[in-house]
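The next block holds one structure in the form of structure tokens; read it before the comments.
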Amino acid sequence: MIGPDSEVLMHFTLTLKDGTVAESSRDSEPLQFRMGDGSLVAGLERALYGLHSGSVQTLEIEPQDAFGFPDPANVHTLSVHDFPHDMPLDSGVIVNFTTPTGEEVPGTVVEVDDEQVLVDFNHPLCGHVIVFEVEILAVSNEPQATRE
């Protein structure tokens, strides 16, 4: 049974209420992770507790338990000159930015004019109810090795 620190192997699909598939492992390798390692947002991880190998579950997860709500402070106006001149800057395009610490952060282009680009750095699934479909393929509850 899935609990804290369980190693989980599963297939999953994240779908919006309108049926749009946001992400799925069905056409690739299943996702393998350890509960609590940050692979899943906390609300999606909580939905797995108590499931076991062979479980198939479909759950609706509200925004506050999934990817949260959009934060207006995460929408920024940047100069169009900060982007390569040959980069397509159309509304809806997702651009990867590198933070000063070297972390990759995606941003969605919201609006473009001759001088400015409005970029939304909120997670694209913010504010959406998520339909979380999972098929648990394997669960291991062996304790994680500790370093001495």
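The values are calculated or read from the model by the stated rules, or taken from the named source; none is laboratory data. Since we're looking at a predicted model, the values are computed, not measured. No Cβ is skipped: glycine too gets one built from the backbone with ideal geometry, and neighbour counts run over all protein chains shown.
Summary of values
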| item | result |
| --- | --- |
| Filter pass, Thr108 being under 26 Å from Ser140 (Cβ atoms) and either in contact with an Asp or Glu (Cβ under 6 Å, 6 or more places away or on another chain) or at pLDDT below 90 (or both) | no |
| Count of segment 54-88 residues which are farther than 20 Å from Val131 by Cα, in contact with a strand residue (DSSP E or B) (Cβ under 9 Å, 6 or more places away or on another chain) and either aromatic (Phe, Trp, Tyr) or in a helix (DSSP H, G or I) (or both) | 4 |
| Leading residue by the ranking (farthest from Ala22 (Cα to Cα)) among those in segment 64-89 that are surrounded by 15 or more Cβ atoms within 10 Å (Cβ to Cβ) and of a type in the set (Gly, Ala, Ser) | Gly68 |
| Some residue of segment 20-33 being farther than 15 Å from Ala138 by Cα, exposed (fewer than 15 other Cβ atoms within 10 Å of the Cβ), modelled with pLDDT under 95 and touching an Asp or Glu at 6+ places or on another chain (Cβ under 8 Å) | no |
| Of residues in segment 1-53 being small (Gly, Ala, Ser), in a loop (DSSP other than H, G, I, E, B) and touching a residue at least 60 places away in the same chain (Cβ under 8 Å), the one farthest from Gly127 (Cα to Cα) | Ser53 |
| Flag for Ala138 being surrounded by fewer than 16 Cβ atoms within 10 Å (Cβ to Cβ) and in contact (Cβ under 8 Å) with a residue 40 or more places away in the chain | yes |
